[in-house]
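Worksheet: one structure, shown below.
The values are calculated or read from the model by the stated rules, or taken from the named source; none is laboratory data. All values reported here derive from a predicted model rather than from experimental measurement. Because the Cβ atoms are built from the backbone with ideal geometry, glycine has one as well, and the counts that use them run over all protein chains shown. The area values use the complete protein model at the heavy-atom level, side chains included, leaving out ligands, DNA and RNA. Shrake-Rupley method; radii C 1.70, N 1.55, O 1.52, S 1.80 Å.
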Amino acid sequence: MTRLADLPGFLKRFGKNQKGNVAILFALSAIPVFLAAGASIDYARYYAGETKLQAALDSAALSAAAAHNLTNAQRITAANAALKENLKQGELAEVTSAFTIKDETVYATAEMKLPTSFMAVGGISEMLLSAVTEIAIPDDKNAEIALVLDYSHSMTEKISGGVKYIAMKNAAKRLIDDLQQANPSKVKFGLVPFSNNVYVTLPKAYVLGQTGSGNWTGCTLDRPYPANLTDATPTTNNNTKWGQPESPGGAVPNCSGYTSNKLFVKPLTDDFNGLKSQIDSMTPYSNTHIALGVEFGFHLLSDNAPFTNGVSYSDKKTEKIMIVLTDGAQTEGAFGSGGGRSANQGKSNLEVLCENAKAKGITMMTIAYDLNDTDTRKRLRNCTTDPIKHFFVADDTAAVASAFDNIKNVITAQVFISK
């Protein structure tokens, strides 16, 4: 069978065939087939190019809109520089663009004539790519962001581009850097590294079996059902408190795996260097309890105790955002309506937790990272506030970096720009 790549040479050779009308008829019939096949390739390049051009223009306009303390002329200069940087590689480098600012809005257009390959044979030498966007100039808004990151043992695996958890930590630190530089006084981050448990500091009054004042620090499970589905503050009722994990025989286990791997929950903070330093020091450990990670992310962003660094849900000047990344299915058991602990109850709990967090106004974003489990992917997608804008699939290290970059753009639009 003649391959598409061989068609030009094949047609040339066949055209030299002088054996009567067969050559003529073949040539006449082959040209439309050849053009149709080539056109499909050119159109695929067209749609991919226009998608890339639109994304680059959106990003450039966002960078201009979010650039603080700049004049309008400086914003336009920054936008052109950002667009050029976004398109510096590939066949979209020669783009004509225009940025204008009017009524506190950045307006932008871009277009480029993309040369064709196969369609040029039919007289179509180029296709016009175009993109249009408009982004409002930032309003004075704040962001509280909880990073809920999977640090189970599978994150030590290698995928295309490197080791999973190292690529994740680099992408997360870059997100912190970028948003810090955009507006350091307006952003706070919290951190929940989860595996089968989390390691956290809580008031003793909120931990089962603890008495007196002061704090308790150690590994903990999710709270008993249904308290583990809410951000409500524990009461004197033991069924609302967090518990200490039990090893066989009922003894409290050694949490040294969490301390040696530096897997500590960090409440909302603007200590960006301290946060990045902790992310640098953390290494994976044990199994996967996604619902527990989201439970604590919910509490970090809540205006209820035990964590008190977040503003009230009623504060319209602050956006609360939770970013959840995992590379596997729920493997750790959780308390649920069926009694006891099971992984299936943890899966159900995750679904309810996401809905409850969204009901409080928290924007939920998720990343399925080298995740082959279809049900978990679907669960993460449904967890998001907007599956189109807030759900990301990353199957290699480059893709996880891209996911965090896209999250940065979404946050920039949502937080620093008043809709």
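Brief remarks on what is shown
Listed here are the residues, each with its yes/no results for (1) at pLDDT 85 or above; (2) touching an Asp or Glu at 6+ places or on another chain (Cβ under 6 Å); (3) in a strand (DSSP E or B); (4) surrounded by fewer than 18 Cβ atoms within 10 Å (Cβ to Cβ).
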| position | (1), (2), (3), (4) |
| --- | --- |
| 90 | no, no, no, yes |
| 93 | no, no, no, yes |
| 108 | yes, no, yes, no |
| 132 | yes, no, yes, yes |
| 149 | yes, no, yes, no |
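- Only one of the listed residues (276, 266) is modelled with pLDDT of 85 or more, within 21 Å of residue 306 (Cα to Cα) and not hydroxyl-bearing (Ser, Thr, Tyr). That residue is 266.
- Residues of segment 408-419 satisfying the condition of being of a type in the set (Val, Ile, Thr) and open to solvent by 20 Å² or more (accessible area, probe 1.4 Å): 410
- Where residue 198 falls short, out of the listed (1) open to solvent by 60 Å² or more (accessible area, probe 1.4 Å); (2) within 27 Å of the chain's Cα centre (by Cα); (3) among the hydrophobic types (A, V, I, L, M, F, W, C): (1)
- Enumeration of residues in segment 211-223 that are under 16 Å from residue 290 (Cα atoms) and not hydroxyl-bearing (Ser, Thr, Tyr): 219, 221, 222, 223
- Residue among 173, 164 that is in contact (Cβ under 8 Å) with a residue 60 or more places away in the chain, surrounded by 21 or more Cβ atoms within 10 Å (Cβ to Cβ) and not small (Gly, Ala, Ser): 164
- Taking segment 284-319 as the range and being open to solvent by less than 10 Å² (accessible area, probe 1.4 Å), of a type outside the set (A, V, I, L, M) and not in a loop (DSSP other than H, G, I, E, B) as the test, the residues that pass are 293, 295, 296, 297, 298, 299.
- Unmet criterion (only one of (1) in contact with a strand residue (DSSP E or B) (Cβ under 8 Å, 6 or more places away or on another chain); (2) among the basic types (Lys, Arg); (3) outside any loop (DSSP other than H, G, I, E, B)) for residue 174: (1)
- Residue count, segment 396-407 (criterion: without any contact (Cβ under 8 Å) to a residue 60 or more places away in the chain and open to solvent by 60 Å² or more (accessible area, probe 1.4 Å)): 1
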